[in-house]
Amino acid sequence: MLVPAAMAALASTAAAPAIPRDEALEARVEATLARMTLDEKIGQMTELNIDVIADRGPDGRVVFKPGMLDTVIGKYKVGSILNVPGSAISPEEWRRVIGTIQDESMRSIGIPCIYGLDQNHGATYTAGGTLFPQNINMAATFDPTLARDAAAVTAYETRASACPWTYSPTVDLVRNPAWPRVWENFGEDPLLSSRMGAAQIHGFQGPDPNHVGPANIATSVKHYMAYSAPVSGKDRTPAVVSEADLREKHFAPYLACIRAGALTVMVNSSSVNGVPVHSSERLLTRWLKDEPGWDGMIVTDWYDINNLWTRERVARDKKEAIAMAINAGIDMAMEPYEWDYCTLLRELVEEGTVPMSRIDDAVRRVLRLKYRLGLFDAPVPDAGAYPDFASAEHTALARKAAVESMILLKNTDGILPLAAGTRILVTGPNANSMRSLNGGWSVTWQGRLDHGELDDKHTILEALRERFGSDRVTYAPGVLYDEAGDYQAELAPDFEAVRRAAAGADVIVACVGENSYCETPGNLSDLNLSATQKELVRVAASTGKPVVLVLNEGRPRVISDIEPLAAAVVDILLPGNEGGDALADLLSGDANFSGRLPYTYPRDVNSLSTYDYKVSEVTGVMAGAYDYKADITCQWPFGHGLSYTDFSYGELRPSAREFCHGDTLHFDIDVTNVGTRAGRETVMLYSSDAVASRCVPDNRRLRAFEKITLEPGQTRTVRLTIPASDLAYVGADGRWVLERGDFTLRVADSPATITCTATHDYPTPNRD
Ligand code: BGC
């Protein structure tokens, strides 16, 4: 808990509420709280996994375990359940399962249960639901409107399944490309992640976070924060992050999301600078709740209160771990299997280790969420209200998002698009797999699909056959994944078949990358693409036929030694169910590429970097005896992506040459499509600070972007606008400052230098 001095300090820094206060709703929260017993309050702070109360029967239906609903909800008053038993179930089955739980909750507690699911790239756990590209693809579109619309569809299909809450969006900044959760996020940049995250909040929750409608659901922004910066690159391992980067970069998308109305936040399983985030009063209560004035709810990640003593070893036993987490600001524990948490928390309250005021604060936050979702009035929404579940429009949106997310990284001599009639050899382990197109969180946690699931969708091979004609497209995989093994397992290769098949082809489309994985099981020790798949590309190139390399991967696997062998390279990331058809649209030229890399693509496994590296990391040749020349290498930079057309840029025209804090800055630039095809271009504004006296400046930072469509020959003037405060930075002391001096703003190759005339120190932690 906060000591009084800290409370007083906060009072002076508190911002306006992140979500406007609704007095009528607050009155209902208070009235409910006033009639609750301590056991009922603790139950509302508990979340259990569905496996505790139910199983899958032999016919695939969910079967409740005898007596368990009575124990969990009747006796322990548990207020939240999560997850799917095994794999996705139909919307009707969800309504029956969640309906049964709601009936029991209303009967025995008079408070609805809140059910939560990882609907992370569409209706993941609802059979037949729309599966969109993963978030890394949504980022590559550079189109927040698409991200918003996709989230709205997911919300609709999730609510059609009677589930009111998803553990999305995931806005962890990708700062280590080896991390197995790269693809769940929006890339390495704070601005792109903030814009995409906020757009998804609006899509999921609708316009009013106090009154979430029946077609919308609550979000849980995760995993707060710096989860994505493990030093080891392995999942759930410690991050070491400077105070400046923590506040300025990692916190940025969380702040953007809660200001967009996010109703809940899920916590980083691991530690930052030695402190497990689940035990950090500073990060949970001060940064997330008090400073931005956020009245939402914080839920733990899986088993993470337990992990404080079993893994992190900052507590001696479970009881100490519970006290630590709840006093730090946790409101709901994703236990997820045991209810001894309820008994231990009760003891802690009775002993005075956890104050009643903290319990009441947590329960208010849970109740507020349930009222905001309208669950007290309608615990299960009307069955007939969702006629558009998995509609053709939803599928079309997923296809559009997939098309806009694929990135043309290289296209020597315009080998792409492929002309009609081209004879294509399709090879590689990713060529004929729905599993690898979708990645993790698809039907099952690890994205493993049973035979028959998603049969009506097209793999890359099927889509190319449909587009170019079955007689023009041959298939020799060369390498296949071993579906019975872990995600890295491959079967013995058959390169000879590839050599043979190449004889009758004009071009080889080699589809390589990764099989699906999720979380810790996706850890790796070598960021290189697998040796067998590299060999496949060498074999393909040795036939003398041009190779189009298609990368279908959740993170940037290093390919520097085989990239020169490819005439073209397309990174499709994890494009989801419509990915095969979207790729056929692009390779055939029916659509044009417009995706951009949302991260820096590494060239060497020991030279990992982000585009906003510190200026001191690159130095020119030094005079004298010692040459300390230093460089950063990458395969392709953040923001890279080609098109079938070309764009040219005019001069960048700033609205003022001098500015100070409080000003709004405009930058105008003419962009022309100088090619012969229509295309979409993302216009990006970067800034570089000449001198930053309180922290070594970043090389450059993305400050604004806009994606536009231009017909051949068309010119558009694009205006990019930022508040001057966007050019502020966080010093090594953890505080925001806008310093006087020069800044170079740049769009493409057009720079403009502007000058800040006076230094401004921000008195509040978030520049309010
Ligand atoms: C993951 C979360 C997820 C949760 C519930 C955890 O293992 O880290 O991202 O939301 O499980 O399924």
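Cross-link candidates for LYS75: which lysines have Cα within less than 23 Å, leaving aside residues fewer than 8 places away along the same chain?
LYS75 reaches LYS41, LYS65, LYS318, LYS319, LYS370.
Given Cα pairs under 8 Å that are at least 6 residues apart, what percent is the relative contact order of the chain?
13
Can you pull a Stokes-Einstein diffusion coefficient for region 87-207 at 37 °C (0.692 mPa s), Rh from Kirkwood over Cα pairs, as a whole number of µm²/s?
The calculation lands on 217 µm²/s.
Show the residues, 5+ positions off or on another chain, whose built amide H is closer than 5 Å to the amide H of SER90.
Residues meeting the criterion, in which the H sits 1.01 Å from N, are ALA127.
Residue by residue through region 629-642, which ³J(HN,Hα) values in whole Hz follow from phi under the Karplus form 6.51 cos²θ - 1.76 cosθ + 1.60 (θ = phi - 60°), with glycine and proline marked x?
Here the 3J(HN,Hα) series is 3, 10, 9, 10, 10, 8, 6, 9, x, 3, x, 6, x, 9 Hz.
Per residue of region 686-698, what does 6.51 cos²θ - 1.76 cosθ + 1.60 with θ = phi - 60° give for ³J(HN,Hα)? Whole Hz please, x for Gly and Pro, Karplus curve as stated.
10, 10, 10, 8, 4, 9, 10, 6, 9, 5, 3, x, 6
Quick check on region 632-757: of the DSSP beta bridges with both residues there, what percent are antiparallel, nearest 5%?
95
Quick check: net charge around ASN528, other residues with Cβ under 15 Å of its Cβ, Lys/Arg +1 and Asp/Glu -1?
Result for the local shell: -3.
Over region 514-621, with every protein chain in place, what whole percent of the accessible area is carbon and sulfur at 1.4 Å, could you tell me?
Carbon and sulfur atoms account for 49 percent of the accessible area of region 514-621.
In square nanometres and to one decimal, what's the mean projected area of the convex hull around the Cα atoms of region 470-510?
Dividing the Cα hull surface by four gives the mean projection, 3.5 nm².
Using the Kirkwood radius built from alpha carbon pairs, what does the Stokes-Einstein equation give as D for region 670-768 at 37 °C and 0.692 mPa s, in µm² per second?
D, rounded to a whole number, is 215 µm²/s.
Could you calculate, for region 408-547, the ratio of the Cα radius of gyration to the Kirkwood radius, expressed as Rg to Rh?
Reported Rg/Rh, Kirkwood definition of Rh: 0.97.
With a 1.4 Å probe and all protein chains left in place, how much accessible area per residue does the chain have, in Å²?
That works out to 34 Å² per residue.
With point charges of +1 on the Cβ of Lys and Arg and -1 on the Cβ of Asp and Glu, referenced to the Cα centre of region 24-181, which listed residue (THR141, GLY99, GLY60) lies farthest in the positive direction of the dipole?
GLY99
Can you list the trypsin sites (Lys or Arg not before Pro) in region 275-350 that are in a DSSP coil and have 13 or fewer other beta carbons within 10 angstrom?
The qualifying sites are ARG313, ARG316.
With both partners inside the chain, how many of the DSSP beta bridges are antiparallel, as a percent to the nearest 5?
Percentage antiparallel, nearest 5: 55.
Based on the Cα coordinates of the chain, what is the per residue volume of their convex hull in Å³?
172
For the residue pair ASP103 and ALA630, what label-to-label distance in nm results when each label sits 7 Å from Cα along the Cα-to-beta-carbon direction?
Computed distance between label sites ASP103 and ALA630 equals 6.7 nm.
Considering only protein heavy atoms and a probe of 1.4 Å, how much of the accessible area of region 206-255 is carbon and sulfur, as a whole percent?
65
At q = 0.19, 0.22, 0.26 Å⁻¹, what base-10 log of I(q)/I(0) does the Debye formula yield for region 598-681 when every alpha carbon is treated as an equal point scatterer in vacuo?
Computed log10 I(q)/I(0) values: -1.00, -1.02, -1.12.
Using Cα centres only, tell me the gap between region 587-658 and region 384-441 in whole Å.
Spelled out, the Cα-based centre of one part sits 26 Å from the other.
The values are calculated or read from the model by the stated rules, or taken from the named source; none is laboratory data. Since the model is a prediction, treat every value here as computed from it, not as a measurement. A quick note on method: Cβ atoms are made from the backbone with ideal geometry, for glycine too, and the neighbour counts reach across all protein chains shown. Protein only, heavy atoms only, side chains kept; ligands, DNA and RNA dropped before computing areas. Shrake-Rupley method; radii C 1.70, N 1.55, O 1.52, S 1.80 Å.
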